[in-house]
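The values are calculated or read from the model by the stated rules, or taken from the named source; none is laboratory data. A quick note: this is a predicted structure, and the numbers were derived from the prediction, not measured. Every residue, glycine among them, receives a Cβ derived from its backbone with ideal geometry; neighbour counts consider all protein chains shown.
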Number of protein chains: 2
Amino acid sequence: MSFDQDYLNDIDTPAVLVDLDIAKANISRFQDYANAHGIKVRPHIKTHKLPLLAEIQLAAGATGITCQKISEAEAMVAGCAAIRDVLITYNIVGEQKLVRLRSLAEKVRLSVVADSAEVIDGLSQVFASSDRPLSVLVECNTGANRCGVASPRDADLLAARIAEAPGLIFGGLMTYPPAAGEAGVEAFMTEAKALIEARGIAVPVITSGGTPTMMHAADAPVATEYRPGTYVYNDRSLVARGSCGWKDCALTVVATVVSVPAKNRAIIDAGSKTLTSDLLGLTGYGHVLGRDDIVIDQLSEEHGRLVSDRPIDLRVGERVRIVPNHACVVTNMVDSLFVISGGNVALKRLSVSARGKVV
Amino acid sequence: MSFDQDYLNDIDTPAVLVDLDIAKANISRFQDYANAHGIKVRPHIKTHKLPLLAEIQLAAGATGITCQKISEAEAMVAGCAAIRDVLITYNIVGEQKLVRLRSLAEKVRLSVVADSAEVIDGLSQVFASSDRPLSVLVECNTGANRCGVASPRDADLLAARIAEAPGLIFGGLMTYPPAAGEAGVEAFMTEAKALIEARGIAVPVITSGGTPTMMHAADAPVATEYRPGTYVYNDRSLVARGSCGWKDCALTVVATVVSVPAKNRAIIDAGSKTLTSDLLGLTGYGHVLGRDDIVIDQLSEEHGRLVSDRPIDLRVGERVRIVPNHACVVTNMVDSLFVISGGNVALKRLSVSARGKVV
């Protein structure tokens, strides 16, 4: 990918750019794989936070969307009429959030997760008086060591608790798989499913996710649904893993060189307020397209430092285009971004509707 | 500092809290030091991004404010009539920004910096036709190895160029000091000043900055002005350096425990979208007040993982209060925050006016 698009000079920098053609190709690629294997796709919108992209994902065949927080789901539902089915993969705790959850459940088919009796009881208390029972999946820990019950036996106990709780229905099992990967998902979920079904409770959905291993989703055939997020844009972390190439990276950051203070060093106007400090195990804070020799070795809030073991060969005012380490966190830094498509001649500014939605 | 403030339960989490009493004490502490040493204070607003705090800093005796980007300065000036003097410590490059800069210069006394002929020439081109010449300081590299001219000789050459440029006046010398510290500032600036004055050009301001070494600002008596930012709130990085204690940390993040999936692990609803991934050389992503045993060892976007070598002893729904590693970047993550003061009984929600201003 070269950086010869003069029209980009009209954009003030730093700016986040999304190439819609690349994003659409990324969406189709996984949807095709999932269709071929009978897996439903429920994209995690945290990566794009844009109603436009959710609409494209749904039109391509997605079964619904995944959100992490209620405020994120509210923003997406408000911005996209096509969204009729939302899974919030988060323990919803506290009165303020439960009230909002009930209100949201009146607008779309809503599911949430739980990994403790406390969370289930809180949900039941609010939904007991509702006409529409809330679907609750049990979150399982299959290696991420974040949330999730530790064993199939614990999943079974919580499934039973949900099935008995007023206002709730048991929606299935959910995991975010790292470490043990698809093999770990298959083992845990197969055992949990058998235990729950032995009680006479159906397990309608088993949902797994994560872009890095998505093309191996079928290795865990017990799962019925997959929730990739980053796949829509890709990023440097996925190129480093061999999941994609630079040409598959739909999100880039355009920055301007503001200083060339030494032969091997240049400073750009994108710092951690745009690229973020996420390293994801990599060295450096992003990849300058067309310049494999450059390392972005240091970010402060508004400065990015580019170093090379060759002459840096950049001029003040010149623009560079960067694939960030982690696409999801970059979209959260900007109020708006630019969408390009159709041979890159049309530029459209879009508000990042679900940005900064942390509650 | 204990976490027994029941009124905080009314806030949905994660939330950013600013204790105004602590912030005022922090402001006074440095202003008193600076007054005693005849140093002007020009706080960097990147830490708080709030007109209210700028007003307090100016009322305490600050000579003006520092911003890093034009959009940041625009937001601050629009929100606080008391701001009459702004220094943007950044190379302003590109037509879009130069047009905005000229417009801003009509509203306040404005200064910027430059470290190259290209930047100076760009500024001159736009200000040559202005009634009000723009004050331009030369940025000097005294150890940070970010922007800045490399030698006093280079500073002298750019000072002469500014003095001759139509529409510009030479405003002095600026540095952000790391590495060589105040000794490095003193050596570089003394030499540069002598060279410039030998040409018959006055050096009205020599401005340095950075909270970590601010109580040693007087060790570089050549500097006339200091630009601390983080001092208003303090953070875990400054506690780690011994610059302050937990009781001096005005900004905290309130989070709710959403899962206690193992004996030594709990998960909170604040992740990198609130606390950020900034480590600043520390281990872990923040300090849980009152719990020295806890390490926040992992953040994903919406989850923070708390681990301890003792039983974690937290319940689902319980709240914790966290001092983040880096206060400045946290205020950039939220659209609004809560201000507490007066014995912590009054809560006021404030919009973070200059959040996300990257251009």
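Kindly establish whether A:Glu139 is under 17 Å from A:Val205 (Cβ atoms) and facing chain B (nearest Cβ under 9 Å).
Spelling it out, A:Glu139 is indeed under 17 Å from A:Val205 (Cβ atoms) and facing chain B (nearest Cβ under 9 Å).
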- Count, please, the residues in the stretch A:16-25 that happen to be under 18 Å from A:Arg321 (Cβ atoms) and assigned to a helix (DSSP H, G or I). 4
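Of the residues A:Thr207, A:Thr190, A:Thr256, which single one is assigned to a strand (DSSP E or B), in the same structural domain as A:Leu158 (by TED's automatic domain parsing) and either at pLDDT 95 or above or acidic (Asp, Glu) (or both)? Outline the logic, then answer.
Numbers: A:Thr190 fails: assigned to a strand (DSSP E or B); A:Thr256 fails: in the same structural domain as A:Leu158 (by TED's automatic domain parsing).
None of the other options fit; the residue is A:Thr207.
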- So the strands (runs of 3 or more DSSP E) completely within the stretch A:46-118 holding 3 or more residues that are within 14 Å of chain B (Cβ to nearest Cβ) are A:85-91, A:109-114
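When you check B:Asp85 against the structure, is it farther than 18 Å from A:Glu301 by Cα, surrounded by fewer than 20 Cβ atoms within 10 Å (Cβ to Cβ) and not assigned by TED's automatic domain parsing to the domain that holds B:Arg146, yes or no?
Numbers: farther than 18 Å from A:Glu301 by Cα: yes; surrounded by fewer than 20 Cβ atoms within 10 Å (Cβ to Cβ): yes; not assigned by TED's automatic domain parsing to the domain that holds B:Arg146: no.
Answer is no for this residue.
Please indicate, with yes or no, whether at least one residue in the stretch A:214-234 is more than 21 Å from B:Glu301 (Cβ to Cβ), aromatic (Phe, Trp, Tyr) and touching a Cys at 6+ places or on another chain (Cβ under 8 Å).
Applying the first criterion (more than 21 Å from B:Glu301 (Cβ to Cβ)) to the stretch A:214-234 yields A:215-224.
If we keep only those that are aromatic (Phe, Trp, Tyr) as well, we get none.
No.
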- Are any residues in the stretch A:320-359 in contact with a Gly (Cβ under 9 Å, 6 or more places away or on another chain) and facing another protein chain (nearest Cβ under 9 Å), and if so, which ones? A:Cys328, A:Asn332, A:Met333, A:Val334, A:Asp335, A:Arg355, A:Gly356, A:Val358
- Message: Going through A:Glu182, A:Glu225 one at a time, which residue ends up being of a type in the set (D, E, K, R), touching a His at 6+ places or on another chain (Cβ under 9 Å) and within 24 Å of A:Cys328 (Cβ to Cβ)?
- Response: A:Glu182
- Query: Within the stretch A:164-205, how many residues turn out to be surrounded by 16 or more Cβ atoms within 10 Å (Cβ to Cβ) and at positive phi?
  - Reply: 3
- Item | Yes/no for B:Asp121 being in contact with a strand residue (DSSP E or B) (Cβ under 6 Å, 6 or more places away or on another chain) and among the charged types (D, E, K, R) | no
- Using beta carbons and a limit of 8 Å, which pairs, at least six apart or on different chains, have the first residue in the stretch A:115-130 and farther than 17 Å from A:Thr89 by Cβ and in the same structural domain as A:Thr175 (by TED's automatic domain parsing) and the second one in a helix (DSSP H, G or I) and of a type in the set (Lys, Arg)? A:Ala117/A:Arg161; A:Val126/A:Arg102; A:Phe127/A:Arg102; A:Ser130/A:Arg102
- Going through the stretch B:215-253 in order, the residues found to be in a loop (DSSP other than H, G, I, E, B), of a type in the set (Ser, Thr, Tyr) and either within 14 Å of chain A (Cβ to nearest Cβ) or in contact with a Leu (Cβ under 6 Å, 6 or more places away or on another chain) (or both) are B:Tyr233
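Against the definition (more than 21 Å from A:Leu350 (Cα to Cα) and within 12 Å of another protein chain (Cβ to nearest Cβ)), how does A:Val307 come out, yes or no? Give the steps one after another, and end with the answer.
Numbers: more than 21 Å from A:Leu350 (Cα to Cα): yes; within 12 Å of another protein chain (Cβ to nearest Cβ): yes.
Yes; evaluated as a whole, the condition is true for this residue.
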- Task: Might you check whether a residue that is of a type in the set (A, V, I, L, M) and under 28 Å from B:Val222 (Cα atoms) occurs anywhere in the stretch B:3-24?
- Result: no
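Mind counting the residues in the stretch A:262-297 that are more than 8 Å from chain B (Cβ to nearest Cβ), buried (at least 21 other Cβ atoms within 10 Å of the Cβ) and assigned to a loop (DSSP other than H, G, I, E, B)? Spell out the reasoning first.
Start the filter on the stretch A:262-297 by keeping residues that are more than 8 Å from chain B (Cβ to nearest Cβ), which leaves A:263-264, A:266, A:268, A:271, A:275, A:280-297.
When the remaining residues are screened for being buried (at least 21 other Cβ atoms within 10 Å of the Cβ), the result is A:266, A:268, A:271, A:275, A:285-288, A:294, A:296.
Subsequent filtering for residues that are assigned to a loop (DSSP other than H, G, I, E, B) retains A:271, A:285-286, A:294.
The number of residues fulfilling the criteria is 4.
For B:Lys247, indicate whether it is surrounded by fewer than 22 Cβ atoms within 10 Å (Cβ to Cβ) and either closer than 30 Å to B:Ala202 by Cβ or touching a helix residue (DSSP H, G or I) at 6+ places or on another chain (Cβ under 9 Å) (or both). So that I can check it myself, show each step before the final result.
On the way: surrounded by fewer than 22 Cβ atoms within 10 Å (Cβ to Cβ): yes; either closer than 30 Å to B:Ala202 by Cβ or touching a helix residue (DSSP H, G or I) at 6+ places or on another chain (Cβ under 9 Å) (or both): yes.
The answer is yes for B:Lys247.
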